[in-house]
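One structure below.
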Amino acid sequence: MAISFNSAITQNFEEATKREWLETNGLGGWASSTLAGLHTRRYHGLLVAATKPPVGRVVLLSKLDESILVGDQRFDLGANRYPNAVSPNGYVHLRSFSKKMFPLFEYEAEGVVLRKTIAAIHDENTTVVLYELLEAPSSITLDLLPLLSPRDYHSLSHANDAIRSEGTFTDGMFRVQSYDNMPELFVSIPHSEFTPKPEWYYNFEYLLEQYRGLDYREDLFSHGTFTVQLKPGGKLGVIISTDNPTGRDAFSLADKEMHRRERLLDALPFRDEMSETLALAADQFIVKRGEDQNTLIAGYHWFTDWGRDTMIALPGICLVTGRYHDAKNILRAFAQSVSQGMLPNRFPDGGEEPEYNTVDATLWFFVAIYKYLHYTHDDAFIRDELMPILRDIISWHDRGTRYNIHVDTDGLLYAGEPGVQLTWMDAKVGNWVVTPRQGKAVEINALWFNALKIYSELASRYELSQEATLFARRAEALKQKFDEVFWNEDTGALYDYVDGEYKDAAIRPNQLFALSLPFPLLEKSKAEKVLRVVEEKLYTSVGLRSLSPDDPAYRGSYGGDQLSRESAYHQGTVWSWLLGPLCSAIVNVEGDSGRKRTRDILEIMVPHFMDAGVGTVSEIFDGNTPHTSRGCIAQAWSVGELLRAHVEDVEQRP
């Protein structure tokens, strides 16, 4: 699906700055900005390098602002926001933007048409920028102004005397190490001249940071200007990297990267516009962890890899796309990190020990393994490497592990203690847990039931008959108890969580997992009622609300400072990833007759591919119309679940 915008969008400041493009490099780094070329986030940059994949991210080169000189006329193509001003406003020359494999910009001014393509190179902290002079009455001069912000990607840069103001420039190659704790930056611009002029540029403003209640002004440093002469039909390839690119050609690197992405599409079980778009988006989340492991980034621009997100996203990101080796590598990496029967919730940025404050990541691990076996039939890996770990996980849950996670006397799984948040509704500000769900949560017990069923199925497959029988009986007893404890006759739905005598009747999407997982729990009439309630109260065109608008605690807008954002995060905010479980639930409940409805649900999402993060799927949206996109512009489980539902539930593949 080639996504394109004409000048009605690209030359409209509001429209061009609210849409963002993203190029990732398979290490956890990226290049990203808005269509206008005006940064609105601290996370935007032309080279954001992951120095310890997938973490250690630093913004090395923020921008490369272009100007073209035609005779005695100068046209600036860049755009920056300062206090009370936008200067320059080069987007007025941007006649089109498109994206399929790479972001592609076409500028037009005074008879000159200049095409720019940006590509991040896989497995390298390298960005290439390709310029092609498509039309011109005569030769032009292209000036390139590099603006540096060598810093951690969460911070901002401010003018200081410690930065190294001089680099070296030889034969079209500029190199500098701005600070001792930063990687060296290489900028290769063949046939260029360099005019040194070291100086700070002050007070760049990032409007989305301001909206988020954070510091939003930054100073950027430039060492000088590169100048290149281009003839009509001429080309220029720029390489920006943490490695010395001497002897490399930017166009060859881009061609190689394009062929890599084309091979990803060839591996799809079938090809249509939706599957191609989502498969290319899915590729952005598969990254290296260390030298020999893979993992999934939860979302761009600020998340790293989270256990829960990885296991939910893995079937869509890796399995339906045929990337079985990546899936196996990821499952193995997380299996090696299991501790006291728990998968890590998060690997911190600084390389500290993993955090284990999650109850559901471990249970989603069972589902991901079950899906992996369905796609690959890799019995040796499951039987020899993973079965002992799954057995140990169940044992730890039976006897109790961290955070009071344990199987209660009724067979249901209890989790939680005051001050911690263990489910996916995990917003917390200071000591305030926004959505406390301590006790027996509905989706946790649906997942626990599936874990027991999956283990029983695997045990039977591998001729462990005693275990197969034992866990099949446990699962059946749990199914009966689940119905007794969670069914709410008053609402025709399921309680969200139960803690002793307290039963929370809030209408949330969590009950959907009793219908959507590989092994549903409810008989048909109750399943139909739950599905009806979820669709009536929670469904929107871009996902499911996290809380019914009828609830007094409902918050329909997500934004503002951290307190405002977190208090709305799971209190009405729409989550697009939940469309995947919704589609699976519809098919599980309605059978083949429900597939057309799921197709319609997914097709309604297609316009979003042209909004926010171009060609990908956002993390969240406002609960109230018009459901403005918020949060990360690219979220792994959003992309993964839409792609999985499209392939499995609509097209019935594999």
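The values are calculated or read from the model by the stated rules, or taken from the named source; none is laboratory data. All values reported here derive from a predicted model rather than from experimental measurement. For neighbour counting, all protein chains shown are included, and Cβ atoms are generated from backbone atoms with ideal geometry for every residue, glycine included. The accessibility values were calculated without ligands, DNA or RNA, using every heavy atom of the protein model including side chains. Shrake-Rupley method; radii C 1.70, N 1.55, O 1.52, S 1.80 Å.
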Filtered residue count, the stretch 11-25, keeping only those that are under 18 Å from the mean Cα position of the chain (by Cα) and either hydroxyl-bearing (Ser, Thr, Tyr) or outside any loop (DSSP other than H, G, I, E, B) (or both):
6
Right, GLY56: assigned to a strand (DSSP E or B) and on the phi > 0 side of the Ramachandran plot or not?
yes
Report yes if some residue within the stretch 444-457 is without any contact (Cβ under 8 Å) to a residue 60 or more places away in the chain and either open to solvent by 60 Å² or more (accessible area, probe 1.4 Å) or touching a strand residue (DSSP E or B) at 6+ places or on another chain (Cβ under 8 Å) (or both); otherwise report no.
yes
For the stretch 417-443, which positions are in a strand (DSSP E or B) and in contact (Cβ under 8 Å) with a residue 12 or more places away in the chain?
LYS428, VAL429, VAL433, GLY439, LYS440, ALA441
From the options ARG532, ARG555, residue that is part of a loop (DSSP other than H, G, I, E, B), at pLDDT 95 or above and open to solvent by 20 Å² or more (accessible area, probe 1.4 Å):
ARG555
Does the stretch 540-550 contain at least one residue that is outside any helix (DSSP H, G or I), open to solvent by less than 10 Å² (accessible area, probe 1.4 Å), at pLDDT 95 or above and of a type in the set (Asp, Glu)?
no
Counting only residues in the stretch 494-514 that are surrounded by 15 or more Cβ atoms within 10 Å (Cβ to Cβ) and of a type in the set (Ser, Thr, Tyr), the one nearest to the chain's Cα centre (by Cα) is identified as TYR497
Inspect all residues belonging to the stretch 464-475 and state whether any of them is in contact with an Asp or Glu (Cβ under 9 Å, 6 or more places away or on another chain), closer than 28 Å to ILE369 by Cα and surrounded by fewer than 22 Cβ atoms within 10 Å (Cβ to Cβ).
yes
Of the conditions (1) of a type in the set (Ser, Thr, Tyr); (2) open to solvent by less than 70 Å² (accessible area, probe 1.4 Å); (3) free of Cβ contacts under 8 Å to residues at least 12 places away in the same chain, THR491 clears all except one; give me its number.
(3)
Extreme residue, nearest to ARG545 (Cα to Cα), among residues of the stretch 403-428 that are in contact with a Gly (Cβ under 9 Å, 6 or more places away or on another chain) and surrounded by fewer than 20 Cβ atoms within 10 Å (Cβ to Cβ)
LYS428
Being closer than 21 Å to ILE382 by Cα and among the β-branched types (Val, Ile, Thr) narrows THR469, THR423, THR409 down to just THR469
Quick one: ILE389 ticks every box in (1) touching a Leu at 6+ places or on another chain (Cβ under 7 Å); (2) of a type in the set (Val, Ile, Thr); (3) open to solvent by 30 Å² or more (accessible area, probe 1.4 Å) bar one, so which box is it?
(1)
Please go through the stretch 109-119 and pick out each residue that is touching a residue at least 60 places away in the same chain (Cβ under 8 Å) and touching a helix residue (DSSP H, G or I) at 6+ places or on another chain (Cβ under 8 Å).
THR117, ALA119
Number of positions in the stretch 176-185 that are within 31 Å of the chain's Cα centre (by Cα) and open to solvent by less than 50 Å² (accessible area, probe 1.4 Å):
5
Whichever residue in the stretch 586-610 is closer than 25 Å to ILE3 by Cα and among the acidic types (Asp, Glu) and, among such residues, is surrounded by the fewest Cβ atoms within 10 Å (Cβ to Cβ)
ASP600
Among the residues of the stretch 611-629, which ones are farther than 23 Å from MET101 by Cα and either open to solvent by 10 Å² or more (accessible area, probe 1.4 Å) or more than 14 Å from the chain's Cα centre (by Cα) (or both)?
PHE621, ASP622, GLY623, ASN624, THR625, PRO626, HIS627, THR628, SER629
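Every residue, every condition in (1) touching a helix residue (DSSP H, G or I) at 6+ places or on another chain (Cβ under 8 Å); (2) in a loop (DSSP other than H, G, I, E, B); (3) open to solvent by less than 20 Å² (accessible area, probe 1.4 Å); (4) of a type in the set (Ser, Thr, Tyr), yes or no:
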residue	(1), (2), (3), (4)
HIS154	no, yes, no, no
HIS158	no, yes, no, no
ASP161	no, yes, no, no
GLU166	no, yes, no, no
PHE174	no, no, yes, no
VAL187	no, no, yes, no
HIS191	no, yes, no, no
THR195	no, no, no, yes
GLU199	no, no, no, no
I'm told LEU38 meets every condition in (1) touching a residue at least 60 places away in the same chain (Cβ under 8 Å); (2) open to solvent by less than 10 Å² (accessible area, probe 1.4 Å); (3) in a loop (DSSP other than H, G, I, E, B) except one. Can you identify the failing condition by its number?
(1)
Please state which one of GLU124, GLU106 is open to solvent by 20 Å² or more (accessible area, probe 1.4 Å), out of contact with any helix residue (DSSP H, G or I) (no Cβ under 7 Å at 6 or more places or on another chain) and under 15 Å from LEU236 (Cα atoms).
GLU106
Would you tally the residues in the stretch 248-292 being loosely packed, with under 15 Cβ neighbours inside 10 Å and touching a helix residue (DSSP H, G or I) at 6+ places or on another chain (Cβ under 7 Å)?
2
Tell me which of these LEU363 doesn't satisfy, since it passes every other one: (1) without any contact (Cβ under 8 Å) to a residue 40 or more places away in the chain; (2) buried (at least 22 other Cβ atoms within 10 Å of the Cβ).
(1)
Take the stretch 514-568 and flag every residue that is β-branched (Val, Ile, Thr) and under 27 Å from LEU207 (Cα atoms).
VAL542
Given (1) part of a helix (DSSP H, G or I); (2) open to solvent by 20 Å² or more (accessible area, probe 1.4 Å), identify the lone condition not met by GLU353.
(1)
Report yes if some residue within the stretch 630-639 is open to solvent by 10 Å² or more (accessible area, probe 1.4 Å), aliphatic (A, V, I, L, M) and in contact (Cβ under 8 Å) with a residue 12 or more places away in the chain; otherwise report no.
no
From SER576, SER557, SER593, which residue is out of contact with any Lys or Arg (no Cβ under 8 Å at 6 or more places or on another chain), in contact (Cβ under 8 Å) with a residue 12 or more places away in the chain and over 15 Å from TYR539 (Cα atoms)?
SER557
In this structure, is ASP123 of a type in the set (D, E, K, R) and without any contact (Cβ under 8 Å) to a residue 24 or more places away in the chain?
no
